[in-house]
Every structure is written in structure tokens, then in C-alpha cells.
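Student: Quick one: the structure is below, and I'll ask about it shortly.
The values are calculated or read from the model by the stated rules, or taken from the named source; none is laboratory data. No experiment lies behind these values; they were computed from the predicted model shown. Glycine gets a Cβ as well: all are built from the backbone with ideal geometry, and neighbour counts include every protein chain shown. Keep in mind that these areas ignore ligands, DNA and RNA; they rest on the heavy atoms of the full protein, side chains included. Shrake-Rupley method; radii C 1.70, N 1.55, O 1.52, S 1.80 Å.
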Amino acid sequence: MQKPQLPMALEGYPFILFCAFATLVLAALGWAIPALAGLLLTGFVTYFFRDPARVLPEQSDAIVCPADGKVIVVAEVDDDRFLHARAQKISIFMNVFNVHVNRVPLTGTVERVTLSPGKFYSADKDKAVLHNEFCALTLATPHRQRYAVVQIAGLIARRIVCRAEAGDRVLAGERFGLIRFGSRVDLYLPLTARIAVKVGEKVRAGETALGFLSAPTEDNREEPVA
């Protein structure tokens with residue numbers, strides 16, 4: 001049985017309460033149009049910070065989608081920033097109407113958390129990957145398969161929230177953070193992963209299986225990188 005969950009991300013409550021309070025003040029002053037605008041803003045902020053329960057994929061080797069949105073990249077790349085190896089990359093763009101709570105793709109241990117300040121280009125542009133502010137988690141599965149999930153700030157997003165810390169043991173589908181107001185999540189996976197999504201596909205955090213990563217054999221087992 002699933003545990004009951006608050007329908008809102010905790011980080012959203014200060015924004016919701018501030019907007020609601022401002023709306024009440026405007027209404028008390030008799031400023032009808034500003035109060036209506038405040039009510040609409042309160043509704044939007046509440047909607048933005050929603051955190052619905054999700055049903056995880058049944059397959060034990062499923063790669064759980066870390067973010068709601070649209071797949072904008074599926075490619076094999078040379079990753080010299082996080083895994084320092086050839087990897088399969090999946091990028092998901094989140095607009096302001098998507099759920100922005102991020103989830104862990106695969107059960108494992110957090111090896112490293114890297115927060116880098118940067119610019120705020122539109123998150124669906126290629127230059128956002130190199131220049132935008134980001135927070136990257138590098139993780140290792142119980143079978144020593146290493147992967148990385150990267151939260152990237154966007155044009156409107158100015159705050160990345162990451163609750164995970166180095167050494168944490170995390171479970172697939174577990175919430176680990178969010179990005180406020182439009183953003184992007186990049187996922188770097190081992191070459192042995194079988195990708196099951198394509199560019200343009202709509203996906204849901206904690207529910208869509210982006211692919212599958214089976215336990216490695218002795219012949220293709222990955223060694224940790226110092």
C-alpha cells in the first residue's frame with residue numbers, strides 16, 4: 001500500500017502562502033482587479049508545486065523517468081563532465097505547466113553532488129547544457145553501474161532544490177528535489193542500457209520507464225571511477 005503523500009512540494013508552501021496573503025490584503029482594501037489577479041497567481045503557484053503520487057514501473061530493471069515533460073534528446077555522447085565515459089544521454093524539457101518534482105531513476109548510492117553556478121538560457125537550447133546553472137548527482141547502482149542525473153536551470157527557473165547528499169542510499173522513484181518554474185533534466189546512462197523512448201515523447205516522473213538496465217555480466221561489469 002502506498003503511503004499517503006502531501007499533494008504539494010514542501011518548497012512551494014512559502015510561495016503559496018505569500019500569494020494567498022497578498023490576495024487577502026488586496027481584497028480587504030477593496031481592490032477588486034488586483035485581488036483577482038492575486039487569486040489567479042495563487043492558483044497557478046499552487047498548481048505548479050503539485051506533487052502527485054505516481055505508480056512505478058513493474059519491471060525491476062526499469063529506468064524510472066526523473067522528470068515530467070518532453071524528451072528533446074536521445075543520443076550517445078562522450079560525457080567528460082560526470083561519468084567521464086561514453087554514455088547514452090536522455091534530456092527532458094519541463095515547461096511551467098509540468099510537475100517539477102524530480103525522482104531517482106535507479107536505486108543506488110550517491111557518489112557525488114556537484115552544484116555549479118551559471119547562466120539562465122532557455123533550457124531547451126543546446127547552450128544551456130554547457131553554460132546554465134546545474135546540480136548533478138553521480139550515482140552507482142548496487143551492481144556498480146554508474147549514471148548521472150543533472151538538474152539544469154532554465155530561462156525562468158532560478159532555483160534548483162536538491163535534497164540528496166553524497167553517501168545517501170536512494171531508491172528508484174524516490175523524490176530527491178525540484179526546479180522552480182521551467183527547466184530541464186539530463187540523464188547519462190551506461191551504454192548497456194536499453195532505451196525505450198524517443199525524441200518528442202511525453203514522459204512522466206516516477207511512472208514512465210525510459211529504458212532498462214539489467215545487472216551486468218562479469219564480462220561487461222563497470223569499475224568505479226575514482
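Student: Might you work out the accessible area of TYR13 for me, using a 1.4 Å probe with all protein chains in place, and round it to the nearest 10 Å²?
Tutor: Counting only protein heavy atoms, the figure is 80 Å².
Student: So how do 198-204, 57-63, 92-98 stack up, highest first, on mean other-Cβ count within 10 Å?
Tutor: Listed from highest to lowest mean packing, they are 92-98, 57-63, 198-204.
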